[in-house]
Amino acid sequence: MSEQVSRRAVVAGLLLLTLAPASAPVPESPFLPPEARDLWREGVVLARGTRSLVVGHHAPPGTLDELARRADTAGRRVSDVLGRSVRPLVVVPESAREAAGLAGVERVDGLAAVADGGRVIVVPEVFARLNATGKDVVLAHELTHVVAGTGDLPVWLYEGFADYVGYRDAGLPVRTAAAELGDEVRAGRVPSELPGPAAFAADGGDPVRLARAYQEAWLACRFLADRFGEETLVRFYREAQAAGVDRALASLGLSAATLTARWRAYVRDQLA
């Protein structure tokens, strides 16, 4: 998974919704940010929130208006955690195939959105099936990648941190948000190590295992926030970007081994 394109698996418990017929695009404005220019020759459909901009292609304005409101919410959530102003830019292509082309990847199978440079690209067929909470979590997750970056961090840290932000104000119990991992824990199978890159491979993989990987990563970051505080979690993330995870852990009095042991105990305590 590259720094430029980070992927988000589908949230469990989807609610099927239907998109309305498309409306005619309008010419591009010279005031669009660079990440929103020259996307489609025939122009774009725009919607603006309080701080967000949504750019669509053959998309109904009502859908974009809803996305702008949700992007505003996601922006506030990310801003509250990271302590900086956030102005979300969301791009809505016509299809998953077009989303993959814009993101510069071969496929986005099963993904609701991807973070690409300074923008979030929605995968319309999948995003439309998410319920309201799922949409808000996905947008906040991807926007966290856009704002915080991923650098050379291990995948468990940048995906777990993005999920920490996404779920922070979602109002979901831990057992609901980590249902797949909870099933494993209650069956006596507590993960032995933090998930690596292979666990997050979406192409042709097991969707349940993929969901567990995100949940394992989320609970690692949630453990750090519960144990040391949210501000310390944010400092840890930034220090890990600057100096590496081992040094950042050492500043908390932890090693990779002690973090893993305490995370496993936390997972068991939260989900057993």
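The values are calculated or read from the model by the stated rules, or taken from the named source; none is laboratory data. Just so you know, these numbers come straight off a predicted model, no measurement behind them. Note: ideal-geometry Cβ built from the backbone for every residue, glycine included; neighbour counts use all protein chains shown. The accessibility values were calculated without ligands, DNA or RNA, using every heavy atom of the protein model including side chains. Shrake-Rupley method; radii C 1.70, N 1.55, O 1.52, S 1.80 Å.
Does ALA71 satisfy being aliphatic (A, V, I, L, M), within 13 Å of the chain's Cα centre (by Cα) and crowded, with 24+ Cβ neighbours inside 10 Å? Give the steps one after another, and end with the answer.
Numbers: aliphatic (A, V, I, L, M): yes; within 13 Å of the chain's Cα centre (by Cα): yes; crowded, with 24+ Cβ neighbours inside 10 Å: yes.
Judged against the criteria, ALA71 is a match.
Is at least one residue of the range 103-113 surrounded by fewer than 24 Cβ atoms within 10 Å (Cβ to Cβ) and among the hydrophobic types (A, V, I, L, M, F, W, C)? Reasoning before the result, please.
Applying the first criterion (surrounded by fewer than 24 Cβ atoms within 10 Å (Cβ to Cβ)) to the range 103-113 yields 104-107, 109-110.
Those still in the list that are among the hydrophobic types (A, V, I, L, M, F, W, C) too: 105.
Within the range 103-113, one or more residues are surrounded by fewer than 24 Cβ atoms within 10 Å (Cβ to Cβ) and among the hydrophobic types (A, V, I, L, M, F, W, C).
Criterion first (touching a residue at least 12 places away in the same chain (Cβ under 8 Å) and under 14 Å from the mean Cα position of the chain (by Cα)) does VAL114 satisfy it? Steps first, please.
Working: touching a residue at least 12 places away in the same chain (Cβ under 8 Å): yes; under 14 Å from the mean Cα position of the chain (by Cα): yes.
In short, yes.
Please specify each residue of the range 80-103 satisfying the condition of being touching an Asp or Glu at 6+ places or on another chain (Cβ under 7 Å) and free of Cβ contacts under 8 Å to residues at least 24 places away in the same chain.
ALA100, the sole residue that qualifies.
State whether the residues of the range 143-158 include one that is under 15 Å from the mean Cα position of the chain (by Cα) and under 20 Å from LEU271 (Cβ atoms).
Checked the range 143-158: at least one residue is under 15 Å from the mean Cα position of the chain (by Cα) and under 20 Å from LEU271 (Cβ atoms).
Can VAL208 be described as under 21 Å from the mean Cα position of the chain (by Cα), farther than 17 Å from TYR158 by Cα and hydrophobic (A, V, I, L, M, F, W, C)?
Judged against the criteria, VAL208 is a match.
Just one of ALA217, ALA198 is in a helix (DSSP H, G or I) and either free of Cβ contacts under 8 Å to residues at least 24 places away in the same chain or open to solvent by 20 Å² or more (accessible area, probe 1.4 Å) (or both); which is it? First the steps, then the outcome.
Working: ALA217 fails: either free of Cβ contacts under 8 Å to residues at least 24 places away in the same chain or open to solvent by 20 Å² or more (accessible area, probe 1.4 Å) (or both).
ALA198 is the lone residue from the list that is in a helix (DSSP H, G or I) and either free of Cβ contacts under 8 Å to residues at least 24 places away in the same chain or open to solvent by 20 Å² or more (accessible area, probe 1.4 Å) (or both).
Checking the condition among the small types (Gly, Ala, Ser) and within 19 Å of LEU210 (Cβ to Cβ), which residue from ALA148, ALA128, ALA115, ALA132 passes?
Within the list ALA148, ALA128, ALA115, ALA132, the selection yields ALA115.
For the range 114-127, enumerate the residues that are under 16 Å from ALA68 (Cβ atoms) and open to solvent by less than 20 Å² (accessible area, probe 1.4 Å).
Initial filter on the range 114-127 (under 16 Å from ALA68 (Cβ atoms)): 119-122, 124, 127.
Of everything in the range 114-127, those that are under 16 Å from ALA68 (Cβ atoms) and open to solvent by less than 20 Å² (accessible area, probe 1.4 Å) turn out to be VAL120, ILE121, VAL122, PRO124, PHE127.
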